[in-house]
Amino acid sequence: MSNQLTAGQRAALQARLELRRGELDRRIELRQQGRSRAEHASEVLNQDADDAPQRDADREVDLALSDQELAELGEVSRALRRVHDPDFGVCIDCGNSIPFDRLQAEPQALRCVGCAERAASERR
Ligand SMILES: [Zn+2]
């Protein structure tokens, strides 16, 4: 089973993926720099424990976000390696071609809309 994407469509998706990878790289790098500054600040403020629970909560949100970004970066990198493979853009569940419109919105998508919804509801 292969997706009948044209070379031009694949090139457009590749450009989109590269753009997204650049964005994620920058965001992750900025966050890592931000975290080391926050750690320095919390050392300086160590004696004042009043807002410690809030700082912990902020940090948890921060870590969850960067986990999400790292996961997406992995998906985007994998998609970039496969973008010129014949089976790129083929749903991993049902084997149907994922429409180009959907790939444009989410080039790292592995499933068609129907299968993605089913997979998401099975995770819940
Ligand atoms: Zn499917």
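The values are calculated or read from the model by the stated rules, or taken from the named source; none is laboratory data. Because the structure is a prediction, the values reported are computed rather than measured. Every residue, glycine among them, receives a Cβ derived from its backbone with ideal geometry; neighbour counts consider all protein chains shown. What goes into the accessible areas is simple: the full protein's heavy atoms, side chains included, and nothing from ligands, DNA or RNA. Shrake-Rupley method; radii C 1.70, N 1.55, O 1.52, S 1.80 Å.
General remarks:
- Surface accessible to a 1.4 Å probe, per residue, for the residues of the chain, Å²: 68 Å²
- For the stretch 11-32 versus the stretch 67-110, the gap between their alpha-carbon centres in whole angstrom: 15 Å
- Within the accessible area of the chain (1.4 Å probe), percent carbon and sulfur: 50 percent
- Note on the chain: Cα-Cα pairs beyond 18 Å make up 62% of the total pair count.
- Rounded accessible area of LEU63 (nearest 10 Å², 1.4 Å probe): 80 Å²
- Taking 0.36 nm per residue of separation and subtracting the Cα-Cα distance, full extension of the segment from ARG35 to ASP67 would add 10.1 nm.
- FRET efficiency estimate (nearest 0.05) - Cβ-Cβ, ASP58 to GLN9, R0 35 angstrom: 0.25
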